[in-house]
Amino acid sequence: MKVLTLMFFALVSVLVGEPVIGQEQSLTVGNSTVREEDLLASPVGANWTSYNGDYTGRRYSALREINTGNVAQLRAAWLFHSGNSQNLEATPIVVRGVMYMTAANDVFALDARTGRQLWHYQRPVSSGLLDDAAAHKNRGVGVWQNSVFVQTDDAHLLSLDARSGSLRWDVEYADKTKHYGATGAPLVVKDQVIVGTSGGDSGVRGFLAAFDADTGKKKWQRWTIPGPGEFGSFSWPGDSYLHGGGTTWMPGTYDPELNTLYWTTSNGSPDFVGDSRPGDDLYTACALALDADTGEMKWYFQFTPHDLYDYDATETPILIDTVENRKTQHLLLQANRNGYFYVLDRTNGKFLRATPFVQRLNWANGVDASGRPILTGQIPGPEGTYICPGIDGATNWFSPSYNPDTGLFYVIALERCDIFFAKARKFEPGQTFYNTGTDRPPTEKAQKILLALSPTDGKTVWRYPQIGSGSSWGGTLTTAGGLLFFGDDSESFEAVEASTGRVLWHFNTGQMMHASPMSYAVDGVQYVAIAAGSDVFSFSLPH
């Protein structure tokens, strides 16, 4: 009878969204409090405290136990199977030996040494969603003090007790009936949790919002599509601003010294047809610099004005400092989906340079002195137009990285073109806002290529062409051990020498990767982890 009672309470916990807790969990997670110095640490070492590791977005780890001389000995330390997602997209977070990861609306706390489950917060997936939110994609959590924050597929922000997984508060920050969803990971800055939404292809008005980490009370909100009478509203006549896109579905980066958030926005809506949104369509396909305390805009830079190609700018904006002519430069780097590698002055948004990083690029002939693309006239039409890069872009949301030791920026590029079709139609509630779509020519070949780019001149230092169909979505990680880890195009997790691209190690996961790797240490042992399929793999050297 006692066993049946326990089973009943466990079932109730699952149905109402309560944690299922492992034995001795409080002894293991009681010391995982996240302090401000943990979030400000740069580069990261033993802990990995946010989606990209630290606020710079570099995905660079100071750990060096695993290095070019011994990485060939790397082995799988443990594997955790989430059981409720076929394509995990999350990057795990690790704080003092405790790993937090997500799968759809579920959150897991694991012993980062062994993969043993400590607790599991369960929440059913939502119905009535569109596009990526309907696939219940989730890219991870944010952490602060003794709380874990997660966005749900229907755009709720949850605060969980890091020690037990119990729900502290639940805030609905966007209405799913208006096509909003969420697929990203929160970014915690000071005492506030910053989140965006998905739905850029579903006719929503994008925004970014910050919430008090203790109470869940909204502190500020920044719309990315101007309303009537605001600067840039020319592009959004009538009520088109309500469906303009410009969503903020990937986490941004942050400069504590400038107290500035750098967040990027998605395509304009509707896709492919721009007649209903004349002009540049601010602030779609942009990098936005915002005051972290108020959300006030400091500057913006638009990569693809009047985007007709679904070239979201949501790729990670990486922050680095360099010295040129004895002067320190504070830079923002982005390999954009439109095929150009950009370098901006992040203090003021000034355009410095942009260079193509893929060979197949026909929508523009370059950029002018202000960074504006020089168009070729290749635009989607009713009969179809062959355009490069294709619908998935020259790269996508999977993470780039930057190694300060080599001075190189790493990105996985896609060489592929598609036929783009355009046919105008009105916005219809309950339907996506694609006008209309793309097709891949039967003879079209796609290839993923791992690139090392020089920010000083934009040139490719080395390239590593991948074997596969071009369908992988794995990102990169670089370390002080002279390594670059990435998910390759043949279902293997791989390591190469960061300075040369020389192949050093691989492990066949048997599953396509849709996530980016990270590294952490527990008790002096370095681990490297990545999600593949429905599993999380963690690797270490033999001990």
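Kirkwood Rh, the range 483-543, all Cα pairs: how many Å? Don't jump to the answer; show the numbers that get you there.
Numbers: mean 1/r = 0.0827 Å⁻¹.
Its Kirkwood hydrodynamic radius stands at 12.1 Å.
List every residue whose amide H lies under 5 Å from the amide H of Asp418, counting only residues 5 or more places away in sequence or on a different chain, with H placed 1.01 Å from N in the peptide plane.
Ile387, Gly390, Ile391
Sorting Trp263, Trp299 on the 10 Å Cβ count, fewest up front, what's the list? Don't skip to the answer; put the middle values down first.
Working: Trp263 25, Trp299 16.
So the ranking, lowest neighbour count to highest, is Trp299, Trp263.
Sticking to Cα atoms, compute the Rg of the range 216-266 to one decimal and its Dmax as the biggest Cα-Cα distance, whole number, in Å.
Considering the range 216-266 through its Cα atoms, Rg and Dmax are 13.6, 40 Å.
Apply the Karplus curve 6.51 cos²θ - 1.76 cosθ + 1.60, θ = phi - 60°, to the phi angles in the range 157-166 and return the couplings in whole Hz, x for Gly and Pro.
Each residue's phi maps through the Karplus curve to give 10, 10, 10, 10, 6, 5, 8, 9, x, 6 Hz.
Show me the ranking of peptides 244-250, 31-37 by mean Cβ neighbours inside 10 Å, starting with the highest. Please list the in-between numbers first.
Numbers: 244-250: 28.9, 31-37: 14.9.
Ranked by mean Cβ neighbours within 10 Å, highest first: 244-250, 31-37.
Which lysines have a Cα less than 19 Å from the Cα of Lys176, not counting those fewer than 8 places away in the same chain?
Lys137, Lys218
The range 2-540: Rg/Rh from Cα coordinates, Kirkwood Rh? Present the calculation step by step, with values, prior to reporting the outcome.
Details: Rg = 22.0 Å, Rh = 23.2 Å.
Rg divided by Rh gives 0.95.
So how do Met512, Met518, Met297, Met101 line up by other beta-carbon neighbours within 10 Å, fewest first? Don't skip to the answer; put the middle values down first.
Details: Met512 19, Met518 28, Met297 14, Met101 24.
Lowest to highest Cβ neighbour count: Met297, Met512, Met101, Met518.
Please order Lys137, Lys298 by the number of other Cβ within 10 Å, starting at the fewest. All intermediate terms of the calculation are to be shown ahead of the outcome.
Values: Lys137 24, Lys298 17.
By the 10 Å Cβ count, ascending, the order reads Lys298, Lys137.
For the range 57-214, compute the orientation-averaged projected area of the C-alpha convex hull (one quarter of its surface), in nm².
That works out to 10.5 nm².
Given the -39500 (n - 2.57) contribution per DSSP H run of 4+ residues, what per-residue ellipticity at 222 nm results for the chain, rounded to the nearest 500 deg cm²/dmol?
Numbers: 4 runs with 29 residues, N = 543.
Theoretical 222 nm ellipticity from helices: -1500 deg cm²/dmol.
Cross-link candidates for Lys217: which lysines have Cα within less than 16 Å, leaving aside residues fewer than 8 places away along the same chain?
Lys190
What lysines could a cross-link reach from Lys350, if we take a straight Cα to Cα line under 18 Å and drop same-chain neighbours fewer than 8 places away?
Within the straight-line limit of under 18 Å, Lys350 reaches these lysines: Lys298, Lys327.
Tell me, what ³J(HN,Hα) does each residue in the range 411-427 have, in order and in whole Hz, if you take phi through Karplus 6.51 cos²θ - 1.76 cosθ + 1.60 with θ = phi - 60° and put x for Gly and Pro?
8, 9, 9, 10, 9, 6, 10, 9, 9, 9, 10, 9, 8, 5, 8, 7, 5
Tell me, what is the percent relative contact order of the chain, built from C-alpha pairs under 8 Å that lie six or more residues apart? Mind dumping the intermediate values first?
On the way: 1607 pairs, mean separation 78.6, N = 543.
The normalised contact order for the chain reaches 14 percent.
Kindly state, to the nearest 0.05, the FRET efficiency for Thr500 paired with Asn362, given R0 = 35 Å and r defined as their beta-carbon distance. Working shown, then result.
Values: r = 31 Å, r/R0 = 0.90.
In this case the efficiency is close to 0.65.
None of the figures in this text is laboratory data; all of them are computed from the coordinates on show. Keep in mind the model is a prediction, meaning the values are calculated, not measured. Reconstructed Cβ throughout: ideal geometry from the backbone, glycine too, with neighbour counts over all protein chains shown.
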